[in-house]
1. Can you report the number of residues in the stretch 80-108 which are more than 14 Å from the chain's Cα centre (by Cα) and hydroxyl-bearing (S, T, Y)?
2. Would you call N37 at pLDDT 95 or above and under 14 Å from the mean Cα position of the chain (by Cα)?
3. For the stretch 137-184, give me the residue count where each residue is closer than 18 Å to P104 by Cα and under 14 Å from the mean Cα position of the chain (by Cα).
4. So which residues in the stretch 47-85 are among the aromatic types (F, W, Y) and part of a loop (DSSP other than H, G, I, E, B)?
5. Which one of these is out of contact with any helix residue (DSSP H, G or I) (no Cβ under 6 Å at 6 or more places or on another chain) and either surrounded by 15 or more Cβ atoms within 10 Å (Cβ to Cβ) or not charged (D, E, K, R) (or both): Y50, Y76, Y13?
6. Inside the stretch 142-184, can you point out the residues that are part of a strand (DSSP E or B) and either closer than 20 Å to Y76 by Cβ or of a type in the set (D, E) (or both)?
7. Filter the stretch 21-36 for residues that are surrounded by 22 or more Cβ atoms within 10 Å (Cβ to Cβ) and under 21 Å from T129 (Cβ atoms) and give the result.
8. If a residue must be touching a residue at least 24 places away in the same chain (Cβ under 8 Å) and not in a strand (DSSP E or B), how many such residues does the stretch 102-141 contain?
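The values are calculated or read from the model by the stated rules, or taken from the named source; none is laboratory data. For clarity, every value in this text was computed on a predicted model and none was experimentally measured. Ideal geometry is used to build each Cβ from the backbone, glycine not excepted, and the neighbour counts take in all protein chains shown.
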Amino acid sequence: MPIRVSDATGWAYWSTVADALRWAADRGARVANASYNCATSATVQSAAQYFQSKGGVVCVSAGNDAETVAAPDNPYILAVAATDRLDAPTSWTNAGDYVDVAAPGLDILTTTRGGGAGWWWGTSFSAPTAAGVAALVISARPDLSGAQVQQAILSGARDLGALGRDPVFGAGLLDAGAAVARAM
């Protein structure tokens, strides 16, 4: 269910994102993607907790500021960093303990405003990839809770960078097949 939270320029208030998450959860949505760097917003975190309590998973962008963000991990949000074609972190993806997984975010072919297609970049393309994996996990095991779906994604991630969880890749590179296998 597409829910517009931004104005025509792409600007959105975190309260609008949170309202949309609660609205979607109340209508049975199990997966949400917010391609905004909103993982550290207390308003969005609260709505994500509600969304997860209804059986869902919320995926958000880690951000494109080349910053290491001093924020703890949030168990109710999957914050997604970006990798390039060689599975290396992009030069502009954010990092920090709040990053849960990484997914492709550079040279992504997508539709463009006004029609057509073009190559784009950003964690706004990484987060929906994680949301797609969450949907695959739920389709394989609809009985899982939101927290269990998230755990299948994290435990199925391919470890990159420093051994174990790290601030650049989180649990590692998103792996759809492994996430579904873990859920089964």
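1. Kept after step one, since they are more than 14 Å from the chain's Cα centre (by Cα), are these residues of the stretch 80-108: 84-92, 96-97, 106-108.
Then keep just the ones that are hydroxyl-bearing (S, T, Y); that gives 90-91.
Within the stretch 80-108, residues that are more than 14 Å from the chain's Cα centre (by Cα) and hydroxyl-bearing (S, T, Y) number 2.
2. Details: at pLDDT 95 or above: no; under 14 Å from the mean Cα position of the chain (by Cα): yes.
No, not satisfied.
3. Within the stretch 137-184, residues that are closer than 18 Å to P104 by Cα and under 14 Å from the mean Cα position of the chain (by Cα) number 11.
4. Restricting attention to the stretch 47-85, the residues satisfying the condition of being among the aromatic types (F, W, Y) are 50-51, 76.
Answer for the stretch 47-85, where residues must be among the aromatic types (F, W, Y) and part of a loop (DSSP other than H, G, I, E, B): just Y76.
5. Working: Y50 fails: out of contact with any helix residue (DSSP H, G or I) (no Cβ under 6 Å at 6 or more places or on another chain); Y76 fails: out of contact with any helix residue (DSSP H, G or I) (no Cβ under 6 Å at 6 or more places or on another chain).
Matching residue, one of Y50, Y76, Y13: Y13.
6. Taking the stretch 142-184 as the starting set, the residues that turn out to be part of a strand (DSSP E or B) are 158, 166, 170, 173.
Within the stretch 142-184, D166, G170 qualify.
7. Within the stretch 21-36, the first condition is being surrounded by 22 or more Cβ atoms within 10 Å (Cβ to Cβ), and the residues that meet it are 21, 25, 31-32, 34.
Those that are surrounded by 22 or more Cβ atoms within 10 Å (Cβ to Cβ) and under 21 Å from T129 (Cβ atoms): L21, V31, A32, A34.
8. First, pick out the residues of the stretch 102-141 that are touching a residue at least 24 places away in the same chain (Cβ under 8 Å): 102-106, 121-138, 140-141.
Next, from what is left, pick out any that are not in a strand (DSSP E or B): 105-106, 121-138, 140-141.
Residues flagged as touching a residue at least 24 places away in the same chain (Cβ under 8 Å) and not in a strand (DSSP E or B) within the stretch 102-141 amount to 22.
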